[in-house]
Amino acid sequence: MRDHHPEGRTPADPIPEVWTGSATNRAQWLLAVVGVGCMALGIELAVVSPWTSGVAPLAMSVVGCVAAGLLVLFGTLAFVHVVVRIDSHAFEVRCGHIGLPRRRIPLTEVVGAEYVPRVTPRQWGGWGCRWRPEKGTAVVVRRGEGLRLELGDGHLFTVTVDNAEAAVRVVRSRLRIPSANS
């Protein structure tokens, strides 16, 4: 009988040719609703307002509400979901349902991979694509597990993704870095 690991694999399990993982934050849909509400308010102001207070103030209110709504709506939808794909050549992160923004890191630039059991938006200053001088860059769509890549130029890249331990194992196998369990 083979030894079983907590993540459900055995030491003899093969590393997949292409690994994919994802993470979703359903709570961010509430922010998308706020964005739609701002846009609706702007449209209502444009249609229902008597325009008696002047064109400039009303136009600024309408444009401001619609612009704020679009910014919140699309900014939120871009970071509701993230997909990570690792193949023999690159580590790729795609955000949102249309895959933008996207980051592709050739594995030739990666020198290390580490499992991070707890990544939070608070550590990074919120959800989305983040940069902190002491921590590098990150894509944070929810709190929870993630992985951190160390790049050859000294930079770090962190992403929240379900089953991050498996992703680390795949990256390390491509780089021939021993895992902590070996």
- Message: Against the condition open to solvent by less than 30 Å² (accessible area, probe 1.4 Å) and out of contact with any Pro (no Cβ under 9 Å at 6 or more places or on another chain), how does GLY42 come out, does it pass?
- Response: yes
- Just a yes or no: is a residue in region 118-131 closer than 29 Å to THR76 by Cβ, hydrophobic (A, V, I, L, M, F, W, C), open to solvent by 30 Å² or more (accessible area, probe 1.4 Å) and touching a residue at least 12 places away in the same chain (Cβ under 8 Å)? yes
- Kindly indicate whether any position in region 31-44 is part of a helix (DSSP H, G or I) and under 15 Å from TRP127 (Cα atoms). yes
- Message: Based on this model, can you work out whether GLY146 counts as open to solvent by less than 60 Å² (accessible area, probe 1.4 Å), among the small types (Gly, Ala, Ser) and modelled with pLDDT under 95?
- Response: no
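Here's the yes/no breakdown for (1) small (Gly, Ala, Ser); (2) at pLDDT 85 or above; (3) closer than 21 Å to VAL159 by Cα:
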| position | (1), (2), (3) |
| --- | --- |
| TRP29 | no, no, yes |
| SER53 | yes, no, no |
| ALA59 | yes, no, no |
| VAL72 | no, no, no |
- Out of VAL84, VAL72, report the one residue that is in contact (Cβ under 8 Å) with a residue 40 or more places away in the chain, outside any strand (DSSP E or B) and surrounded by 14 or more Cβ atoms within 10 Å (Cβ to Cβ). VAL72
- Item | Complete set of residues in region 116-156 that are assigned to a strand (DSSP E or B) and at positive phi | GLY128, GLY136, GLY144
- Got a sec? Which of VAL110, VAL170, VAL161 is open to solvent by less than 60 Å² (accessible area, probe 1.4 Å), at pLDDT 95 or above and under 27 Å from LEU31 (Cβ atoms)? VAL161
- Item | Residue under evaluation PRO50, criteria (1) assigned to a helix (DSSP H, G or I); (2) surrounded by fewer than 17 Cβ atoms within 10 Å (Cβ to Cβ), criterion not met | (1)
- Task: Give ARG143, ARG85, ARG102 a once-over and let me know the one that is under 29 Å from VAL170 (Cα atoms) and in contact with a Phe, Trp or Tyr (Cβ under 9 Å, 6 or more places away or on another chain).
- Result: ARG85
- Inside region 87-104, can you point out the residues that are in contact (Cβ under 8 Å) with a residue 60 or more places away in the chain and either of a type outside the set (Asp, Glu) or surrounded by 16 or more Cβ atoms within 10 Å (Cβ to Cβ) (or both)? SER88, PHE91, VAL93
- Task: For region 76-89, state whether one or more residues are over 17 Å from the mean Cα position of the chain (by Cα) and acidic (Asp, Glu).
- Result: yes
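The values are calculated or read from the model by the stated rules, or taken from the named source; none is laboratory data. Computed from a predicted structure; not experimentally measured. So basically every Cβ, Gly included, is an ideal-geometry build from the backbone, and we count neighbours across all protein chains shown. SASA here: full protein model, heavy atoms, side chains in, ligands and nucleic acids out. Shrake-Rupley method; radii C 1.70, N 1.55, O 1.52, S 1.80 Å.
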